[in-house]
Amino acid sequence: MKSPQKSSSTQIVLDGKYRLEERLGEGATGVVYRALHLGLRKTFAVKVLKAGSLDPLSLARFQREAEALGQLRHPHVVEVTDFGIDDAAGGVPYLVMELLDGITLADLCRQQGPLPLERALPLLDAIAAAVDAAHAQGILHRDLKPGNVLLCRTDEGEPLVKVLDFGLAETGTLFPRAGRDLEASEEDSREDLTATGALLGTPLYVAPELIRQHAASRASDLYSFGVIAYEILAGKPPFQGSTAQVLAGHLEEEPSPPSPSGAPLPEEIWQALREPLRKDPALRPASAGDVVRRIRRAAERAALAQWRATEIPRRAWLSILLTAAVLLAGFLLPWPTLPAVERRLHDLRLRAAPMRPPDPRILLLTVDEASQEGALSLVDRADEIGGILDRVFAAGARGVAIDLLLHKKWSDSPEFSDLILRHPETLTLAAFSEPDGRVTGTDCVAGLTAAALGPDRTANLFGFVNLAEDRDGIVRRGRLRYRDRSGRVRPSWAAKAAEALRAGSTPPSEAGEVFWLDSRIDWPRYARISWRDVPAVLDRDPELFRNRLILVGAGFRGAGDDYHRVPHRLRKTAVVSGLTLQALLVDTIAAGLPVREPGRAPILAVVTLLAGLAMAGILCSRRSSAFVVFLAAAAALYLAVSFPAFWWAGQMLPVSPLLLVLLGLCLALIVRRMLPPAPEVSS
């Protein structure tokens, strides 16, 4: 190369504008200097290209490409501000570029070896953006390699990647020693393998089609970019050895999977790296950005696979522990957990439920106001009532139950005593347990009558008429049995009376002591006769009493039998007499307790199974929203099904399982936030 023009001070000056002050480096295509623009007094980097065997055609091509590079503006491309050919120095071409301070990517790889993905991907992103921007303007690089990538920093200290030497590969020679045969010796130096020349590239990074002397294209730049990506991640190029071995590798061999530091890259990343290294240019990705996107997605898939391999087993065990915690909570929490909510839900179900007719075997004899007109007080009517009820039994009644707390004076009534002695198994009398534990109503059977029956049969005459109201004052439940102070089990009045309709059998013991009142019974349709009319009906139609359970009770206020509120289908509550309420309880028991709650164990089994599956999904999936929606839908379906289950099967599905589901959901979401999230995979 001829010497550039020198100033009077012996300093080199190009075209009278740029004074070359310091040599910064030399490459295969030229020498780079720090230069001062004599007019602007601003420092630039000037690359003086080796003229070599440049002919007029090559110089013309240089001028066209330099003009194109001057139009290329991109944050990751070294900006070309000027170019020229110094005719005074014998036609020396030069490029003026922005002056940057940094190290090349080649130096970084030599110093640090393979880079981790989180550091390599931003570098590849920047290089790819520069390459794609140049390709969009019709400019090929032709010599992409780590040595042409400069790593520097902005004025704010942020890392910055700059790609050098776009479109300049055609201006030099492939080897310093021109005409060298491809069958070079094993002693070829690394400098030979990184030289640039007639093959439009560097042997370590050159595309196969360029080795075959085909025209350069975007695909050949992408091949070189793929080699750079391989080297950054693996710490070495895919093909090494002599120049002949490297070129043969590009032409004929498949690169081996990279194994940085002895640990192979995940298969997904290796497959993505192979895409730009295809021998056929048509099979390579469409752009450098596409190459990086494939590598990034592959890295994300590999990270997700690693996350699954380590996290899924751990989270599966955690979901088992959480499921066990939910199951334990189900056994430890009171059942039902929210009684007020259970009551309101029961009333809602009832309002939408079809009514069922009352048991036709139940007949109510009401001692109402009309029956009291001109009559003696109930205390003094033992003979009258005893005699009439004896006629009722004679008419074929299955049983008689008196819902009245009878006075002690009744024990002196011959008619009442005869009634008891004749029908001790089918007659039910009322007893009441006071808050202090005293029992009233039982002293109506005493003296010789009690002695004739014996203590056990006398006790068996009575059933407790105590009623349990909920906190809102509504009766929704009844009792089958009570325990006295001695611990002895005593039946309720309704349970004992219902024995006549159940052919002497008792309600199943597994039903427990408390049961749900069947409020679906259309209680206004119970057959009723005023006590005043009973003698006439017995005379006129005694068959009306045959095979029926006769319930006798007061039907007027002040009789000592209060009125009670019960759930109602058409309105919130209805007020009924104690006799009507007892009839509802008897009817419910006689029907086999049709309104029941499923056992806790099967409900807990189903709930914990569903909650466990949902919690496992929440913990083990990348996105929990689908499983949260699943739990919400399952809870809504449970509530929806609880209505027809009550209407047609009398099943009172409790709300408590929904609390367990909510507990499991909260636990799973809390634990999920404490665990490392799953890597995202871009679409």
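The values are calculated or read from the model by the stated rules, or taken from the named source; none is laboratory data. From a predicted model like this one, the values you see are computed outputs, not experimental measurements. Neighbour counts run over all protein chains shown; Cβ positions are idealised from the backbone, glycine included. To get the accessible areas, we keep the full protein, side chains included, count just its heavy atoms, and leave off ligands, DNA and RNA. Shrake-Rupley method; radii C 1.70, N 1.55, O 1.52, S 1.80 Å.
Summary table
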quantity	calculated
Output for segment 233-281, where each listed residue is of a type in the set (Gly, Ala, Ser), buried (at least 21 other Cβ atoms within 10 Å of the Cβ) and under 38 Å from the mean Cα position of the chain (by Cα)	ALA272
Sole residue being more than 23 Å from ARG525 (Cα to Cα), open to solvent by 70 Å² or more (accessible area, probe 1.4 Å) and in contact with a Gly (Cβ under 8 Å, 6 or more places away or on another chain), chosen from LEU405, LEU376	LEU405
Subset of segment 432-457 (residues that are in a helix (DSSP H, G or I) and either open to solvent by 20 Å² or more (accessible area, probe 1.4 Å) or closer than 15 Å to ASP403 by Cα (or both))	THR442, ASP443, CYS444, GLY447, LEU448, ALA450, ALA451, ALA452, PRO455, ASP456, ARG457
So ALA219, is it more than 30 Å from PRO679 (Cβ to Cβ), within 45 Å of the chain's Cα centre (by Cα) and of a type outside the set (Phe, Trp, Tyr)	yes
Test for ILE618: is it over 21 Å from the mean Cα position of the chain (by Cα) and surrounded by 19 or more Cβ atoms within 10 Å (Cβ to Cβ)	no
Some residue of segment 218-227 being open to solvent by less than 10 Å² (accessible area, probe 1.4 Å), in contact (Cβ under 8 Å) with a residue 40 or more places away in the chain, among the aliphatic types (A, V, I, L, M) and in contact with a helix residue (DSSP H, G or I) (Cβ under 6 Å, 6 or more places away or on another chain)	yes
Options THR81, THR104; residue that is among the polar types (S, T, N, Q) and open to solvent by less than 50 Å² (accessible area, probe 1.4 Å)	THR104
Residue match in segment 465-480 (condition: open to solvent by less than 20 Å² (accessible area, probe 1.4 Å), under 23 Å from ARG422 (Cβ atoms) and part of a strand (DSSP E or B))	no
Residue within segment 630-642 that is in contact with a strand residue (DSSP E or B) (Cβ under 9 Å, 6 or more places away or on another chain) and surrounded by fewer than 21 Cβ atoms within 10 Å (Cβ to Cβ) present	yes
Among the residues listed as HIS141, HIS135, HIS74, the single one being closer than 22 Å to THR202 by Cα, surrounded by fewer than 20 Cβ atoms within 10 Å (Cβ to Cβ) and in contact (Cβ under 8 Å) with a residue 24 or more places away in the chain	HIS135
Only one of ARG301, ARG315 that is within 35 Å of the chain's Cα centre (by Cα), open to solvent by less than 30 Å² (accessible area, probe 1.4 Å) and not polar (S, T, N, Q)	ARG315
